């Protein structure tokens, strides 16, 4: 079993820096009302994200924070029966404001409780959220899904694996990358999906009849790789994650940066990976290294209150070494390999070099979408997308 050592990623939201000469004597006063009744709301939780200070509103709906330093802050308001609301403040002087929360009481009629037989099979939908993705930055898309119910992997060496959902894989398994059907799934079992999971905020596996929503061409299983929309906040948000894995001396670096503005909102993601030879208990598995460099760009523009324009582009590039001893030319070599305690062509030294047999894979995707709001419950979307998949495989040259 390989030993793994992870260094916790550093997350930063470009916080406010208070100089030594600053005077932290500012105050924030607020009053919160019910949007429906316009009455003051009592017991609303108010939390300052940057300082971890919190309070609750009194019977008049009033809250106060004292001795606050100048700078930018996020206030999070929450109340039973309300969706939490997040406010952005640029604090330069004492500040007072009123806020409305949508909090309307609803009288319930008769409640009817019905029971039915509970199925003990796998749930029709399982997902991996953003936190799980950030905590496992060394994993591929297949590796992140491996422990989900109903999902298995076909593994063909270090870093090469395909997800299998209820027995379906390859072009029988629909894989949607930001809403676009991922090409390249027709390749054999020794090829992984060309997707960087770090671009996603949520990865969902849908099984059974629920998958019909995503097109009649699928066979009952769909994997969705979905980035969220960019946060509507006017300052930079960024995050850096680094992980080190002892087996293979692997380095994983992930970077995300984004900003919203009335002109255009943008977000970039980048991932870099480098692994060398993996190690068994007594010897190195030569030529099992991995190199990966990925990048994505997401742009969002609100043209007016009824028209929205989005652009998304990504590039995935990887090099994969294949264990030389796994390439067998005939049945005699296969029998010998099964008997040997150590694979053929095993060298005593560690290396990051990728030699034949190896793969070099790149996948590029571009997407543009325009959304028109016609009515409150009606909209029209026009999507144009294209993909370019390039794959090179280098085998061992044999003379004679």
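The values are calculated or read from the model by the stated rules, or taken from the named source; none is laboratory data. In this text the structure is predicted, and so the values were computed from the model without any measurement. In this analysis, Cβ positions are derived from the backbone assuming ideal geometry, glycine residues included, and neighbour counts consider all displayed protein chains.
Criterion first (in a strand (DSSP E or B) and under 31 Å from the mean Cα position of the chain (by Cα)) does residue 380 satisfy it?
yes
What is the number of the single condition among (1) farther than 27 Å from residue 184 by Cβ; (2) touching a helix residue (DSSP H, G or I) at 6+ places or on another chain (Cβ under 8 Å); (3) part of a loop (DSSP other than H, G, I, E, B) that residue 350 does not meet?
Among (1) farther than 27 Å from residue 184 by Cβ; (2) touching a helix residue (DSSP H, G or I) at 6+ places or on another chain (Cβ under 8 Å); (3) part of a loop (DSSP other than H, G, I, E, B), the lone unmet condition for residue 350 is (2).
Can you spot a residue in the range 321-328 that is touching a helix residue (DSSP H, G or I) at 6+ places or on another chain (Cβ under 8 Å), in a loop (DSSP other than H, G, I, E, B) and either surrounded by fewer than 20 Cβ atoms within 10 Å (Cβ to Cβ) or not assigned by TED's automatic domain parsing to the domain that holds residue 345 (or both)?
For the range 321-328, residues touching a helix residue (DSSP H, G or I) at 6+ places or on another chain (Cβ under 8 Å), in a loop (DSSP other than H, G, I, E, B) and either surrounded by fewer than 20 Cβ atoms within 10 Å (Cβ to Cβ) or not assigned by TED's automatic domain parsing to the domain that holds residue 345 (or both): present.
Filter the range 137-171 down to the residues that are within 16 Å of residue 205 (Cβ to Cβ) and out of contact with any strand residue (DSSP E or B) (no Cβ under 8 Å at 6 or more places or on another chain), then identify the one that is surrounded by the fewest Cβ atoms within 10 Å (Cβ to Cβ).
Going through the qualifying residues, I end up with 147.
Residues are listed down the side, and each one gets a yes or a no for (1) without any contact (Cβ under 8 Å) to a residue 60 or more places away in the chain; (2) closer than 29 Å to residue 149 by Cβ; (3) under 15 Å from the mean Cα position of the chain (by Cα):
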site	(1), (2), (3)
197	no, yes, yes
200	no, yes, yes
215	yes, yes, no
219	yes, yes, no
225	no, yes, yes
230	no, no, yes
235	no, no, no
240	no, no, yes
250	no, yes, no
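Determine whether the range 116-129 contains at least one residue that is surrounded by fewer than 12 Cβ atoms within 10 Å (Cβ to Cβ), outside any loop (DSSP other than H, G, I, E, B) and modelled with pLDDT of 90 or more.
No: zero hits.
Any residue in the range 330-352 that is at positive phi sitting within a Cβ distance under 6 Å of a residue that is surrounded by 11 or more Cβ atoms within 10 Å (Cβ to Cβ) and part of a helix (DSSP H, G or I)? List the pairs, counting only those 6 or more apart or interchain.
That search, which allows pairs on different chains as well, returns 345/324; 345/325.
In this structure, is residue 281 in the same structural domain as residue 361 (by TED's automatic domain parsing) and loosely packed, with under 14 Cβ neighbours inside 10 Å?
yes
Does residue 283 satisfy being at negative phi and in contact (Cβ under 8 Å) with a residue 24 or more places away in the chain?
Here the answer is yes, as residue 283 does meet what is asked.
Based on what the data block shows, is residue 306 farther than 24 Å from residue 197 by Cα, surrounded by fewer than 20 Cβ atoms within 10 Å (Cβ to Cβ), in the same structural domain as residue 372 (by TED's automatic domain parsing) and touching a strand residue (DSSP E or B) at 6+ places or on another chain (Cβ under 7 Å)?
In short, yes.
Of all residues in the range 311-320, which are surrounded by fewer than 20 Cβ atoms within 10 Å (Cβ to Cβ) and either outside any strand (DSSP E or B) or within 19 Å of the chain's Cα centre (by Cα) (or both)?
311, 313, 315, 317
Kindly evaluate residue 11 against the criterion of being touching a helix residue (DSSP H, G or I) at 6+ places or on another chain (Cβ under 9 Å) and either outside any strand (DSSP E or B) or at pLDDT below 90 (or both).
yes
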